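A.B. asks: Would you mind keeping the following structure in view while I ask a few things?
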Amino acid sequence: MDQQVRSEQFPGSERRPTDDDALSAEVRALGACLLERRAEVIAHSESLILQGTRQLDSIVHAKIARVIEVSTEAFARWMAGESEQVARDVGQEAAGIFGQLAVQREAPLNEIAKRTLRWRDATSRVIDQIAHELACSEPARLQAQRMLQRSADVTVIRLGEAFEAERGEVDLELARRQQELVFMATHDALTGLPNRTLILDRAEQLIARSRRTRKLCGALFIDLDGFKAVNDGLGHGAGDELLRAVAARLEHTIREADTLGRVGGDEFVILVDDVAMAAGPEIVADRILDTLRQPFELVAAPSGRVSITASIGVAIASGHTAADLLRDADIAMYRAKLGGRNRHRLFESGMQDAVQTRVELEMDLREALAERQFHLVYQPMVDLNRLAPVRMEALLRWRRPDARPTGPDQFIPLLEETGLIAEVGRWVLREASARCAGWARDGLDIGVAVNVSAVQLEQDSFVDDVATALDVSGLEPSRLTIEITETALMRDADETARRLRAVKELGVRLSIDDFGTGYSSLAYLQRFPVDELKIDRSFIAQLESSTQRDALISTFVQLGRSLNIKTIAEGIEDETQLSRLQAERCDLGQGYLFARPMEPEACLTFLCDRLPAEVRQRGMIPASAGH
């Protein structure tokens, strides 16, 4: 009708309908009808999919059903005359779902492609039904089918693109992860420095290059002194913070051509080439020592700062493998530690034998602990006024199966370095307490003294160890004296004072051993709950030859008396020393003049035959006291 009106109003302006217009109209009609009957497409697609040999899980199936619904709407709207862009916008959701399926790998690509083709077949069947019902021309039906095939082709291509894009992303991610794994395998996670694996590889390259050029190269092995105390005292967080700070400082100290790595807990290695070697590796080591001596700013430290030193071993590569070079530098570092720490040592051929001996000693100590090769001997402490024993000091000895003599000065430091002293010290506490409890049951009024290592004192379990030793043995707490060196007291003064107060609350006595050799001061004597001062034997040995030493002992005794603290003199070996100590009114004494350390069996005889108070003639000490 509109066409007729226009023809009447504008003669000659009418456009005669063409076959293409009629065909397009029929296709639009098909599209509009398909849009209304898209539920049939979905149902037919579902039926065809269920006829397949492989079914996907319900979640994936629901996602594909949504793709079919969206794709059907998009295709129908395109057929109904809307632009391809509109249809493409509607189909964006289907593309997103394809991407999800690709990313999450929820279904194989071929299975999703099969379901796309089944949707095409289902849609084709519904189009044919609509074309028959609308009596559409064959060209219109074929045009609709061609549009469907094109849409299906585009869908399959989009599906492939989604999966291909995801495969590219996966490949990139795998490559990135591979790089991360390689980095993790060759670098230290805490500091980001090369680890032992990469250091060995670079050392091999350095050695090979030095052979070709006939120039020197070497390694510096750095071990932090006292790192364990920081780690245990301030916590692992502070320890990690310190290691990162050390790594950063070392990186700023070395040359760009040098290689820095972390090869262990608190161990670092620097590989140096011929330039550094020509200047002198000792100069490099000195520079590193100076750098590390400067305090480190640590958030976890109470004062905000921590000071440490390092021991450095230097080795020069001469026909070595990388492993040999690092081993030699490690051995030299170990010798630097034994030499007093905070220093460096250059590797020498004889060092390896010495370190090997020490390693063997450490292995034997571990075996000794497991096989109970340790035993205690006892040396009496005598009341210098009555000349009667009041306490027996427990001294650790090692009875080796091969009968090789190994003194306490050889194995106790190693026990402390390895941490074995904690377990050995726990055994000493229990054994000495049990022995003293036995003497008390025999009617002997005697106490026992036990030396405690700084390593034990740094652990909260130390208080429990003392309490357990008392409970198991049944020993009266007042009979047990804990001896601690001045150095051990000051390792972590606040925590040490707290633990000692807890021990003191058990009723145990506390004695400072080797007094005068460390931090002797009135301030710390007032800070710790001390009962006794044990004057170091070095002062007693020089009584006869040094008036200054005589004056010092007088000062120590008077200091103790003013603080109501008893004084003990160790190392008394002759009558003159004894007389002077008595004149100074020193309370207790210990030394070969009274008795050498003795086996437990001999202790009972000695204690039963102890000297009566009225005896004054020094030659009347029982013979059993010397055995």
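A.B. asks: Only one of these is surrounded by fewer than 16 Cβ atoms within 10 Å (Cβ to Cβ) and either under 23 Å from Arg610 (Cβ atoms) or without any contact (Cβ under 8 Å) to a residue 60 or more places away in the chain (or both): Arg435, Arg441, Arg426. Name it.
C.D. replies: Unique residue meeting the criteria: Arg441.
A.B. asks: Something else now. Looking at segment 27-40 only, could you name the residues that are charged (D, E, K, R) and open to solvent by 50 Å² or more (accessible area, probe 1.4 Å)?
C.D. replies: If the condition is that a residue be charged (D, E, K, R) and open to solvent by 50 Å² or more (accessible area, probe 1.4 Å), then Arg28, Glu36, Arg38, Glu40 are the ones that fit.
A.B. asks: Continuing with this model, one more query. Please tell me if Leu200 is in contact (Cβ under 8 Å) with a residue 12 or more places away in the chain, in a helix (DSSP H, G or I) and open to solvent by less than 90 Å² (accessible area, probe 1.4 Å).
C.D. replies: yes
A.B. asks: How about segment 570-611: which of its residues are under 50 Å from the mean Cα position of the chain (by Cα), assigned to a helix (DSSP H, G or I) and surrounded by 14 or more Cβ atoms within 10 Å (Cβ to Cβ)?
C.D. replies: Pro600, Ala602, Cys603, Leu604
A.B. asks: Okay, next question. Need pairs with beta-carbon distance below 9 Å; first residue of a type in the set (D, E, K, R) and within segment 580-607, second open to solvent by 20 Å² or more (accessible area, probe 1.4 Å) and part of a loop (DSSP other than H, G, I, E, B); sequence gap 6+ or separate chains.
C.D. replies: Listed by first residue and then by second, the contacts come to Arg580/Glu544; Arg585/Asn385; Asp587/Asn385; Arg596/His627; Glu599/His627.
A.B. asks: Same structure, new question: Any chance segment 330-341 includes a residue that's under 24 Å from the mean Cα position of the chain (by Cα) and not in a helix (DSSP H, G or I)?
C.D. replies: Yes, that holds for at least one residue.
A.B. asks: While we're looking at this one, here's another question. Could you tell me which residue of segment 482-496 is farthest from Trp439 (Cα to Cα), considering only residues that are open to solvent by less than 10 Å² (accessible area, probe 1.4 Å) and not in a helix (DSSP H, G or I)? Even if it seems obvious, please write down each step before you answer.
C.D. replies: Residues of segment 482-496 open to solvent by less than 10 Å² (accessible area, probe 1.4 Å): 482-484, 486, 488-489, 496.
Going one step further and asking which of them are not in a helix (DSSP H, G or I), we end up with 482-484.
Working: Ile482: 18, Glu483: 20, Ile484: 24 Å.
This residue is Ile484.
A.B. asks: Ok, one more. Go through (1) farther than 18 Å from Leu48 by Cα; (2) over 46 Å from the mean Cα position of the chain (by Cα) one by one and return the number of the condition Glu169 breaks.
C.D. replies: Going through (1) farther than 18 Å from Leu48 by Cα; (2) over 46 Å from the mean Cα position of the chain (by Cα) one by one, Glu169 breaks only (2).
A.B. asks: So if I check each of Arg509, Arg479, Arg499, which one is under 31 Å from the mean Cα position of the chain (by Cα) and either in contact (Cβ under 8 Å) with a residue 24 or more places away in the chain or open to solvent by less than 60 Å² (accessible area, probe 1.4 Å) (or both)?
C.D. replies: Testing whether each residue is under 31 Å from the mean Cα position of the chain (by Cα) and either in contact (Cβ under 8 Å) with a residue 24 or more places away in the chain or open to solvent by less than 60 Å² (accessible area, probe 1.4 Å) (or both) leaves just Arg499.
A.B. asks: Turning to a different aspect of this structure: If you check Thr605 against the conditions, is it of a type in the set (Ser, Thr, Tyr), at pLDDT 90 or above and in contact with a helix residue (DSSP H, G or I) (Cβ under 6 Å, 6 or more places away or on another chain)?
C.D. replies: So Thr605 does not fit the description; no.
A.B. asks: Of the conditions (1) open to solvent by less than 80 Å² (accessible area, probe 1.4 Å); (2) under 30 Å from Gly280 (Cβ atoms); (3) touching a residue at least 60 places away in the same chain (Cβ under 8 Å); (4) not in a helix (DSSP H, G or I), Lys215 clears all except one; give me its number.
C.D. replies: Condition not satisfied by Lys215: (1).
Yes/no per residue for (1) buried (at least 22 other Cβ atoms within 10 Å of the Cβ); (2) at pLDDT 90 or above; (3) out of contact with any strand residue (DSSP E or B) (no Cβ under 9 Å at 6 or more places or on another chain):
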| site | (1), (2), (3) |
| --- | --- |
| Asp290 | no, yes, yes |
| Val299 | no, no, yes |
| Ala310 | yes, yes, no |
| Ala315 | yes, yes, no |
| Leu326 | yes, yes, no |
| Arg343 | no, yes, no |
| Ser349 | no, no, yes |
| Asp353 | no, no, yes |
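One line per residue, one yes/no per condition, for (1) within 30 Å of Val508 (Cβ to Cβ); (2) part of a loop (DSSP other than H, G, I, E, B); (3) in contact (Cβ under 8 Å) with a residue 40 or more places away in the chain:
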{"position": "Gln356", "(1), (2), (3)": "no, no, no"}
{"position": "Leu361", "(1), (2), (3)": "no, no, yes"}
{"position": "Val382", "(1), (2), (3)": "yes, no, yes"}
{"position": "Glu393", "(1), (2), (3)": "yes, no, yes"}
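A.B. asks: From Val60, Val103, Val126, Val70, which residue is open to solvent by less than 60 Å² (accessible area, probe 1.4 Å), over 30 Å from Ala25 (Cβ atoms) and either touching an Asp or Glu at 6+ places or on another chain (Cβ under 6 Å) or modelled with pLDDT of 75 or more (or both)?
C.D. replies: Among Val60, Val103, Val126, Val70, only Val60 is open to solvent by less than 60 Å² (accessible area, probe 1.4 Å), over 30 Å from Ala25 (Cβ atoms) and either touching an Asp or Glu at 6+ places or on another chain (Cβ under 6 Å) or modelled with pLDDT of 75 or more (or both).
A.B. asks: Is it fair to say Arg146 is of a type in the set (D, E, K, R), open to solvent by less than 60 Å² (accessible area, probe 1.4 Å) and at pLDDT 85 or above? Before the answer, list the steps.
C.D. replies: Values: of a type in the set (D, E, K, R): yes; open to solvent by less than 60 Å² (accessible area, probe 1.4 Å): no; at pLDDT 85 or above: yes.
Answer is no for this residue.
A.B. asks: Please state which one of Arg386, Arg404 is in a loop (DSSP other than H, G, I, E, B), open to solvent by 30 Å² or more (accessible area, probe 1.4 Å), without any contact (Cβ under 8 Å) to a residue 12 or more places away in the chain and of a type in the set (Lys, Arg).
C.D. replies: Being in a loop (DSSP other than H, G, I, E, B), open to solvent by 30 Å² or more (accessible area, probe 1.4 Å), without any contact (Cβ under 8 Å) to a residue 12 or more places away in the chain and of a type in the set (Lys, Arg) holds for just one of Arg386, Arg404, which is Arg404.
A.B. asks: Could I ask something else about it? Any chance you could count how many residues in segment 228-262 are open to solvent by 20 Å² or more (accessible area, probe 1.4 Å), of a type outside the set (Asp, Glu) and in a helix (DSSP H, G or I)?
C.D. replies: Number of matching residues: 13.
A.B. asks: Say we look at segment 297-311 and pick out the residues that are touching an Asp or Glu at 6+ places or on another chain (Cβ under 8 Å) and among the aliphatic types (A, V, I, L, M); which of these is farthest from Ala248 (Cα to Cα)?
C.D. replies: Ranking the candidates gives Ala300 first.
A.B. asks: Free of Cβ contacts under 8 Å to residues at least 40 places away in the same chain and farther than 26 Å from Val382 by Cα, is that true of Val455?
C.D. replies: Considered against the rule, which asks whether it is free of Cβ contacts under 8 Å to residues at least 40 places away in the same chain and farther than 26 Å from Val382 by Cα, Val455 comes out as yes.
The values are calculated or read from the model by the stated rules, or taken from the named source; none is laboratory data. These figures come from a predicted structure and were not determined experimentally. With ideal geometry, Cβ positions are generated from the backbone for all residues, glycine too; neighbour counts draw on all protein chains shown. Each accessible area value is taken on the protein alone, full model and side chains, heavy atoms only, with ligands, DNA and RNA left out. Shrake-Rupley method; radii C 1.70, N 1.55, O 1.52, S 1.80 Å.
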